1. Scan segment 71-93 and give yes if some residue there is open to solvent by 60 Å² or more (accessible area, probe 1.4 Å), touching a residue at least 24 places away in the same chain (Cβ under 8 Å), farther than 24 Å from Q15 by Cβ and charged (D, E, K, R), otherwise no.
2. Can you tell me which residues in segment 45-70 are loosely packed, with under 11 Cβ neighbours inside 10 Å and either among the hydroxyl-bearing types (S, T, Y) or at positive phi (or both)?
3. If you check every pair at least six apart or on different chains, which have Cβ atoms under 7 Å apart with a residue in segment 50-70 that is closer than 15 Å to Q91 by Cα first and a residue that is open to solvent by 60 Å² or more (accessible area, probe 1.4 Å) and assigned to a helix (DSSP H, G or I) second?
Amino acid sequence: SRDDLGVPAGVTVCQLSLAGATPGATPGDTLLLTRLERGREPVSVRIATQRSQAPLSEVLREFQRIQREQREANACTERRQWWERRSQLDQRMQ
């Protein structure tokens, strides 16, 4: 029932999830935005990103690469080299 959502009265919960294009698919280029309110049916909207300028799956892969390279840069003991790598990663984050 709508009252069994576990959401307190007067509170609205919005959840953003990474989803596959179809139920059961591997998460990829679809965002699922869900709104939950006590006493109301949940509302969900799918937002496809695969045809956008920067598909979500590629953005997430690049972010994982940047995180990995940051861990590698942190192991660098030469200060100048560390700053060069850090600067390059900062530019990629933008």
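The values are calculated or read from the model by the stated rules, or taken from the named source; none is laboratory data. The structure presented is a predicted model; accordingly, all values stated were derived computationally and were not measured. Heads up, the Cβs are rebuilt from the backbone with ideal geometry, glycines too, and the neighbour counts pull from every protein chain shown. Note: areas computed on protein heavy atoms with side chains; ligands, DNA, RNA excluded. Shrake-Rupley method; radii C 1.70, N 1.55, O 1.52, S 1.80 Å.
1. Checking segment 71-93: at least one residue is open to solvent by 60 Å² or more (accessible area, probe 1.4 Å), touching a residue at least 24 places away in the same chain (Cβ under 8 Å), farther than 24 Å from Q15 by Cβ and charged (D, E, K, R).
2. Correct list: empty.
3. I66/R92; I66/M93
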